[in-house]
Amino acid sequence: MSSKQYSQNTPNASKNAMMSPVFIQRYVENKAEVRAELQQGLLAKVATTSPKYLYDALGSRLFEAITELPEYYPTRVEASIFEQFLPEIAAAVGHGDILIDLGAGNCEKAARMFEALGPAKYVAVDISVDFLKQALTTLQRQSPDLPMLGLGMDFSASLELPVEVGTGSRSFFYPGSSIGNFTPTEALLFLRQIHTACKQGAGQGGLLIGVDLVKSSTVLQAAYADALGVTAAFNRNMLLHINQLLGSDFNIAQWQHRALFNTDLSRIEMHLDATEDLTVRWEGGERKFVKNEGIHTENSYKYTVASFTKLLENAGFQAVKPWQDANQQFCVFWAKA
Ligand SMILES: C[S@@+](CC[C@H](N)C(=O)[O-])C[C@H]1O[C@@H](n2cnc3c(N)ncnc32)[C@H](O)[C@@H]1O
């Protein structure tokens, strides 16, 4: 796999600049594989796109705005769990590991753990490459002595990590219930890959993960269809991102956001529905949509503490420790590799 690697160091750099984060970019947007994957999804019987395409630089900023919304409880509740149980969590995770943040976004959640965990290195992984570079550069200024590595990669393709991550004990950090974007079968495979990657480090290692729990459909649906329409903008922005990646001609004025809780499958589904009969075209293909026909853009599976503990154990993790908020809305797990 080809990758670009650089740091912003210069020979005359000051101490802070010398600690500029190293960045390795493996994910490149304008690749034939990306176009092929998008095309295959759009031509499926029920048109489907991976939620990873929600995150271009604007999508990442819109997600930050979502986390501020009154309806979007997961970020706030997860933060309250970390705040309340930080000493216990830090004791379980241990001190001085390489902290590997999957889907790091603005890196804020990991940064709040630095003091308690004292990581030997911070590795931030994200597909939204430009947004990650900016976030990590800012963070490096705030923590100039902590070695940082940015990895621009699509971990749904492979979690194979470069040697630059290092060989020390590895603690993976996967907050925000992003694991819910995978089906339970895919989640098991992904957790197994994390388990294998932990074992490639020197120490015991493990996974600190935030998981959203099953709750009332009303609360869940409101979290993914807020009154202000920020989640709708986040979802519809994906069509602009796809236009860039595929050269398609989606007109966002013809699409509306819909979110529902599928009780049987225990998942929130996000869709974009055509508001009229239309045809979307790109080089080498087209897809006709009739009015109200949708594109399935994201799933967010909800678990119970018991069902997620079992998933972690089936993936090879042990000594699973859960921490929940008082209303049992969200759970943070530490699982030893
Ligand atoms: C729900 S946001 C969570 C951001 C942050 N960790 C938090 O908890 O607030 C998901 C993050 O994962 C990244 N992401 C989504 N799919 C990815 C993939 N396949 N590979 C790498 N990063 C991905 C997105 O760019 C985004 O930053």
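The values are calculated or read from the model by the stated rules, or taken from the named source; none is laboratory data. This is a predicted model, so every value here is computed, not measured. Every residue, glycine as well, gets a Cβ built from its backbone with ideal geometry; the counts of neighbours run over all protein chains shown.
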Looking for something within 12 Å of the ligand (Cβ to nearest atom) and outside any helix (DSSP H, G or I) - is there at least one such residue anywhere in the stretch 71-85? yes
Is one or more of the residues making up the stretch 156-164 near the ligand (Cβ under 8 Å from one of its atoms) and on the phi > 0 side of the Ramachandran plot? no
Go through the residues of the stretch 38-50 one by one and say whether even a single one is modelled with pLDDT of 95 or more, outside the structural domain of Gly176 (by TED's automatic domain parsing), surrounded by 19 or more Cβ atoms within 10 Å (Cβ to Cβ) and under 18 Å from the mean Cα position of the chain (by Cα). yes
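Residues are listed down the side, and each one gets a yes or a no for (1) hydroxyl-bearing (Ser, Thr, Tyr); (2) more than 30 Å from Val214 (Cβ to Cβ); (3) touching a residue at least 24 places away in the same chain (Cβ under 8 Å); (4) in contact with a Leu (Cβ under 8 Å, 6 or more places away or on another chain):
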position	(1), (2), (3), (4)
Ala233	no, no, yes, yes
Gly247	no, yes, yes, no
His257	no, no, yes, yes
Thr263	yes, no, yes, no
Asn292	no, no, no, no
Glu298	no, no, yes, yes
Val305	no, no, yes, yes
Glu313	no, no, no, no
Pairs with Cβ under 6 Å, 6+ apart, first in the stretch 129-142 and charged (D, E, K, R), second within 11 Å of the ligand (Cβ to nearest atom): Asp130/Ala57
Going through the stretch 54-70 one residue at a time, which ones are part of a helix (DSSP H, G or I) and without any contact (Cβ under 8 Å) to a residue 60 or more places away in the chain? Glu64
